[in-house]
Amino acid sequence: MMKLLLNKLALAFMGLLIAFCYLGITRAQTASAPIRHKQPVVRPAGQTPNIVGRIGDYVITKQELEKRLMMELRPRGYDSYNEQTEPVDAETLLKKMIAEYAMITEARKQGYLKDETLDALIKRYKDRRLANLLLQKQLAPKLTVTESEIQQKMKADPKLDRARAEAMLKNTKGRSLFEQYYRQIYQKFHVKKLSNNLLKAAQIHQRLLYSPKKPRKVGFIRTYQVKDEMTPEEKNIVLAEYDNGKVTLKDWFDTLCNMAPPGRPRDLNTPKGVEQLLERTLQMPLLVSEARSLGFNKDENLLKQVREYEDSRLLSKVESEKYKEVKEPTTDQTIIYYDKNKELFRTDRTLKIDLIWCEDLKTARKAKADLDSGKDFELVRQKYSLEKKGKPFNTYPSGEGFFWKDLWKGDPNDILGPIKGFYQNNVKWRIVKILEKKPGKVKGYSTDMERRVKERMLSEQREALLAQYSNELLKKYLYKIYTERIKEIDPLDIP
């Protein structure tokens, strides 16, 4: 059985090992949704012109502020409304970023890291990072194939190209490397399973699966059941021990709940099925123990990444807790809001346009001059545009954001420009040909409209509550904004 389990574990890590060879270590993914643009970083509090703001141990660099400014400019896309976003100035945004660090600092003081769910999430992230680092350091350098081996593989199977042959060879070698290494780790830490507790695990599994305390709409165990429906004694039942560590029933259920339901084992009502999943559960703590024994847990880059992840989770937790304080508006309130803001709910306002993206303002002016003189739009695009294969497309206020008002000034057959717009991750100059213009319409109040109005009202109230809380914390914590270093920052000021 051990051979079969090792083979499964090896397969699970093959993609990771091959990725190491091509790309180096990658950021581990977590089950949680990513936080938009909020990744605080802790740096030494040295004096440098590159720092534009600080609070406590946190500093914000000019590059981070500029990147965030560009992201704030873009439409959020949080709902279906055609919104025109307004640009934010550098100092206002910098103060908002500092306030986020204040919220994180306060969350640490309030003991948010003790939250069971949050603690488990952070531990899982750190463990994955440690395991990744271990594999990178110990196995990735050994995962090599020779040109001769590649050629032999291609001769044996003429349908293979070089890249596919190399990948298959590395897959085979990587599996063997991992099996050998994991077996060594398993023996090194003297793993011992407590067989008497396997039957208890099977019985508790069946209870949670078939007799949940709360009605469940799905046919599988949910994470909240492990948290709320197991006693502390049950969670701490030890299923396996190893040098300086153990695996509990809580760990075992965490492994189960992190598996997609269709792939969960069907024999967890038996000690044998419990033991097989236990082998999978042992995988991460044993790899982490080996990484710690080699000192990889002290890696500065790892510690920095874990701290960043903690901060991002804490900020998300603070926001979630604050949002709970907002009361859902009543139907009467939504009707009043809608009557006062009907234009915000205009739908289907559309422009069909064609574009010439230009490297700079000088180029854009040349392109516009050629078009004004009667030259063909496509020929001018081929001469000046950053993209030669452009074609007409529909655009909306929700996609153009702050730049929509410039486009909406045009009428069909007008050629506008030079005007600015979002190009990849930057702002660039463009020449825009208006082909069609649809003003859209304001729909009457309905059940569906009530839902949309409520969503918007809740969003506004949450933002207002968070802003109020931010202001309170900025009075509590000392911070510094280096105004003279940001006065010329403007992402819309392009050459």
Checklist entry - All but one of (1) modelled with pLDDT of 95 or more; (2) within 23 Å of Arg183 (Cα to Cα) hold for Asn244; which doesn't? => result (1)
Item to check | Matching option when the condition is under 28 Å from the mean Cα position of the chain (by Cα), hydroxyl-bearing (Ser, Thr, Tyr) and either at positive phi or not assigned by TED's automatic domain parsing to the domain that holds Leu315 (or both), among Ser398, Ser446 | outcome: Ser398
Item to check | Residues satisfying the stated conditions in the range 219-268, i.e. closer than 23 Å to Ala291 by Cβ and among the aromatic types (Phe, Trp, Tyr) | outcome: Tyr242, Trp252
Item to check | Among (1) more than 30 Å from Thr483 (Cβ to Cβ); (2) surrounded by fewer than 19 Cβ atoms within 10 Å (Cβ to Cβ), the one test that Leu134 misses | outcome: (2)
Checklist entry - Asp493 versus (1) within 23 Å of Tyr101 (Cα to Cα); (2) assigned to a loop (DSSP other than H, G, I, E, B): which is the lone unmet condition? => result (1)
Next on the checklist: Quick check on this structure: which one of Lys443, Lys480, Lys433, Lys428 is over 24 Å from Lys62 (Cβ atoms) and at pLDDT 95 or above?
Outcome noted: Lys433
Checklist entry - In the list Lys454, Lys428, Lys437, which residue meets the criterion of being of a type in the set (Lys, Arg), touching a residue at least 60 places away in the same chain (Cβ under 8 Å), part of a strand (DSSP E or B) and out of contact with any Phe, Trp or Tyr (no Cβ under 6 Å at 6 or more places or on another chain)? => result Lys437
Checklist entry - Which of (1) part of a helix (DSSP H, G or I); (2) surrounded by fewer than 17 Cβ atoms within 10 Å (Cβ to Cβ); (3) modelled with pLDDT of 95 or more does Thr117 not meet, given it meets every other one? => result (3)
Next on the checklist: I need the full set of residues from the range 257-291 which are in a loop (DSSP other than H, G, I, E, B) and either at positive phi or within 26 Å of the chain's Cα centre (by Cα) (or both), in order please.
Outcome noted: Asn258, Met259, Ala260, Arg264
Checklist entry - Hey, among the residues in the range 421-443 that are of a type outside the set (Gly, Ala, Ser), surrounded by 14 or more Cβ atoms within 10 Å (Cβ to Cβ) and closer than 30 Å to Glu100 by Cβ, which one's farthest from the chain's Cα centre (by Cα)? => result Lys428
Item to check | Residues (in a helix (DSSP H, G or I) and closer than 25 Å to Ile419 by Cα) located in the range 344-365 | outcome: Leu344, Leu361, Lys362, Thr363, Ala364, Arg365
Next on the checklist: With the structure loaded, tell me whether Gly417 is in contact with a helix residue (DSSP H, G or I) (Cβ under 7 Å, 6 or more places away or on another chain) and within 21 Å of Met71 (Cβ to Cβ) or whether it fails that test.
Outcome noted: no
Item to check | Of residues in the range 408-420 being under 22 Å from Tyr384 (Cβ atoms) and either surrounded by 20 or more Cβ atoms within 10 Å (Cβ to Cβ) or among the aromatic types (Phe, Trp, Tyr) (or both), the one modelled with the lowest pLDDT | outcome: Gly417
Next on the checklist: Among the residues of the range 250-272, are any under 19 Å from Lys192 (Cβ atoms), hydroxyl-bearing (Ser, Thr, Tyr) and touching a residue at least 12 places away in the same chain (Cβ under 8 Å)?
Outcome noted: yes
Item to check | Failed criterion for Gln187 (all others in (1) within 36 Å of the chain's Cα centre (by Cα); (2) surrounded by fewer than 12 Cβ atoms within 10 Å (Cβ to Cβ) hold) | outcome: (1)
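The values are calculated or read from the model by the stated rules, or taken from the named source; none is laboratory data. For clarity, every value in this text was computed on a predicted model and none was experimentally measured. All Cβ positions, even for glycine, are placed from backbone atoms using ideal geometry, and neighbour counts span all protein chains on display.
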